[in-house]
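Just so you know, all these numbers are worked out from the coordinates, no wet-lab data involved. Just so you know, these numbers come straight off a predicted model, no measurement behind them. Reconstructed Cβ throughout: ideal geometry from the backbone, glycine too, with neighbour counts over all protein chains shown.
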């Protein structure tokens, strides 16, 4: 996949909550898993080791802030972190709040569904997550809707 046909190079990849010059945090459209965030490196690289050590540290700072924001806003039972990129080989991290009552728990989010009702998100989820990210990471550029 080249930059020209990479969906994470062409679009934000979801609803933008926070962004700086290096990466962005988006709220993914995953109806079974409200609060599913992705931390996406802004330029097209495939792997963590494609980044300079300082850039790796900067990216992980944002991943950890996304986890902290989810814990503050949603109080999940667990948070799953994963950098897969098998389908879209553009460096990004999944930061997924997990709840004992989510459709797949304790299975992975791509595993067998155990029931059909997703965990209910708190009101104003995106605005609250964006505010928490801004408090943790400082002034990036976030969505006007967040």
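What's the FRET efficiency of residue 42 with residue 125 using the Cβ-Cβ distance as r and R₀ = 25 Å, to the nearest 0.05? Numbers along the way, then the final one.
Working: r = 24 Å, r/R0 = 0.95.
That gives a FRET efficiency of 0.55.
Relative to its Kirkwood radius, the Cα radius of gyration of the chain gives an Rg/Rh of 0.96.
Give me 48, 74 sorted ascending by neighbouring Cβ count inside 10 Å, so fewest comes first.
On the way: 48 15, 74 21.
Taking fewest neighbouring Cβ atoms as first place, the list is 48, 74.
Cβ crowding within 10 Å ranks 17, 22 as 22, 17, fewest other Cβ atoms first.
Distance between the pseudo-spin-label points of residue 61 and residue 107 (7 Å out from Cα toward the beta carbon): 3.9 nm. Taking Cα atoms only, the orientation of helix 125-137 departs from the longest principal axis of the chain by about 50 degrees.
Suppose R0 equals 22 Å. What FRET efficiency, 1/(1 + (r/R0)^6) with r the Cβ-Cβ distance, do residue 52 and residue 10 give to the nearest 0.05? Walk me through the numbers on the way to the answer.
Working: r = 25 Å, r/R0 = 1.13.
That gives a FRET efficiency of 0.35.
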